[in-house]
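Before we start, here is the structure in question, set down as C-alpha cells.
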Amino acid sequence: MILHHYPTSPFAEKIRLIFGYKNITWQSVHIPMVMPKPDLMPLTGGYRKTPVLQIGADIYCDTALVCDVLEHMAPAPSLYNAAPKGLVRSLAQWADTLLFPVAMAYNFQPKGAQHVMGTMPEDVVKVFAADRQAMRGGGARMPAADATAMYKSHLRRISSMLEGQSFLLGDTPCLADFSVYHSVWFTIAKVPVIDGILEATPLVRDWANRMAAFGHGKEHTITAADAIQAAKNAQPVPLTDDVFQDEHGFPLGTQVTVAADSFGTEPTAGKLVAATRTRLTLERSDPLTGTVHVHFPRMGFIMKKVDA
Ligand SMILES: N[C@@H](CCC(=O)N[C@@H](CS)C(=O)NCC(=O)O)C(=O)O
C-alpha cells in the first residue's frame, strides 16, 4: 500500500492513524501541498486532493473509499464494531464535511496561520492561499469569529458523546473517531498557540490523546518515481462481475469524467469500467504508468459523459 500525502494534511492523518490502529505496514510518498502535482497526475489523471492510496495499478481517491479498502484488506480490528454501520458512516461524514471546514477556519485564523506558515517564504504562503481560495471556488474562508463559535459548539457535542465512554460511539474506536480526530489533531498538533479552545472540553483532549496513541503503523519512505514504477509493473485487480448499477443512463465502456462535487473539483477522465452501489471505477492509460484503474466513492462525486 502506497499513501501519497504530506505531513500536515488532516485527511492524511486520518489514514495514517488507521494504519496504526490496524497495524498496517505501508509505503509513504510525499506530494506537494498545492498544484501542480506532476508525479501524482499520471496516477490519478486529474484528482488532486490529499491523500490518495495506491495499490499497484489501482488508485483510490477520497478517504471514505480508502477506509473501505483498508477495512477489506485488514478487517481486524474493525472500523465498524462500535455501532450500526449507518450511524458510524453518517457521523464520519458529518465530521469530514461539516466539522472539518469549521475547524480549519478556526485553525487558520491569523494567529494559527502565522504559527503554521511563519517560517515559510512569503511567496510560498501566497501560492498556498491562492491555491486554497481557488479550491473553494474563489470564496473566502468562514470568518474566524463565526468559526470559533461553531467549533466550540461542535467540541461540546463531541464531549457529550464521550461522557461515560472512551470513544465516540462506545468503548472501541470506530471510523467516526478517526474522522472527528483529524480536525482536532490539527488544532492540537499544528496550531498549539490556539489550542486553548479545548480547555472547556477536557474529555475531548483525553480522547485525542487516546487516539494519538494508535500511532502510524510501520512506514517506509519511497520516491514518487518508485510509486509510478509500481503502477507500471502491475495490472489493475480484475473487477468482479457485479459491477454495474446504472443511475446515469450510459453503459460500461462510456468515456466519462468524475469530479468531486465541491472543493477541488478537478476531473479525472477515463472509460467507465465499474459502477457499483458505492463506487465508480475509470480505466485510463498514461505512458508513465501504463493502464490504471482510478476508483472513486459515489458519495460526493459527480459523473458526466464526455461528449464525442
Ligand atoms: N473528501 C476528501 C477530502 C480531502 C481533502 O480535502 N484533503 C485536503 C488536505 S487535508 C486537500 O486535498 N487539500 C488540497 C491538496 O492537498 O491539494 C477525502 O476524504 O479524502
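With each run of n ≥ 4 DSSP H residues scored as -39500 (n - 2.57), what mean residue ellipticity at 222 nm is computed for the chain after dividing by its residue count and rounding to the nearest 500 deg cm²/dmol?
Computed mean residue ellipticity for the chain: -11500 deg cm²/dmol.
Please list, by residue number, everything in the range 159-183 whose backbone N is under 17 Å from a paramagnetic label point 7 Å out along Cα→Cβ of Ser78.
From the range 159-183, the list is 168-178.
Now, a different point. Treating only the Cβ atoms of Lys and Arg (+1) and Asp and Glu (-1) as charged, compute the dipole magnitude of the range 85-212 about its Cα centre; round to the nearest 20 debye.
With Lys and Arg at +1 and Asp and Glu at -1, about 220 debye.
Report the antiparallel proportion of the DSSP beta bridges in the chain as a percent, rounded to a multiple of 5.
Expressed as a percentage, antiparallel bridges in the chain total about 70.
Using the crude model of +1 on Lys and Arg Cβ and -1 on Asp and Glu Cβ, and no other charge, please compute the dipole size for the range 100-157 relative to its Cα centre, in debye to 20.
Dipole of the range 100-157, to the nearest 20 debye: 340 debye.
Based on other C-beta atoms within 10 Å, arrange Lys37, Lys305, Lys152 from fewest to most.
Lys305, Lys152, Lys37
Taking neighbour counts of Cβ atoms within 10 Å as a proxy for exposure, in what order, fewest first, do Ser183, Ser9 appear?
Ser9, Ser183
A further question on this structure: Can you give me the Cα centroid spacing of the range 266-295 and the range 212-261 in angstrom?
Distance between centres, Cα-based: 7 Å.
Now a separate question. Report the charge-dipole magnitude of the chain in Debye, nearest 20, computed about the Cα centre from +1 at each Lys and Arg Cβ and -1 at each Asp and Glu Cβ.
Computed about the Cα centre, the dipole is about 380 debye.
Just tell me the longest site-free run in the chain, where the sites are GluC sites (Glu not before Pro) in a DSSP loop having at most 13 other beta-carbon atoms within 10 Å.
Formally, the longest exposed-site-free interval is 1-162.
With a cut-off of at most 13 other beta carbons within 10 Å, and DSSP calling the residue loop, which trypsin sites (Lys or Arg not before Pro) in the range 265-303 qualify? Please list them.
Hits after loop and neighbour filter: Arg277.
To continue, here is another question. Using a Gaussian network for the chain with springs between C-alpha atoms less than 10 Å apart, which of these wobbles most: Ile222, Ile15, Ile59?
Highest fluctuation of the listed residues: Ile222.
Let me ask you something else. Give me the net charge of Lys85's neighbourhood, meaning all other residues with Cβ under 12 Å from the Cβ of Lys85; Lys, Arg count +1, Asp, Glu -1.
Numbers: positive: Arg89; negative: Asp68, Glu71.
So the environment of Lys85 carries a net charge of -1.
Now for a separate question. Can you compute the modelled spin-label distance between His115 and Met299, with each label point 7 Å from Cα toward Cβ, in nm?
3.1
I've got another one for you. Under a crude label model (7 Å from the Cα following the beta-carbon direction), how far is Val237 from Arg157 in nanometres?
3.4
Rule-based calculations on the coordinates, nothing more; no lab input. What you are looking at is a predicted structure, and each value in this text was computed from that prediction instead of being measured. Using ideal geometry, Cβ is built from the backbone for each residue, glycine included, and neighbour counts are taken over all protein chains shown.
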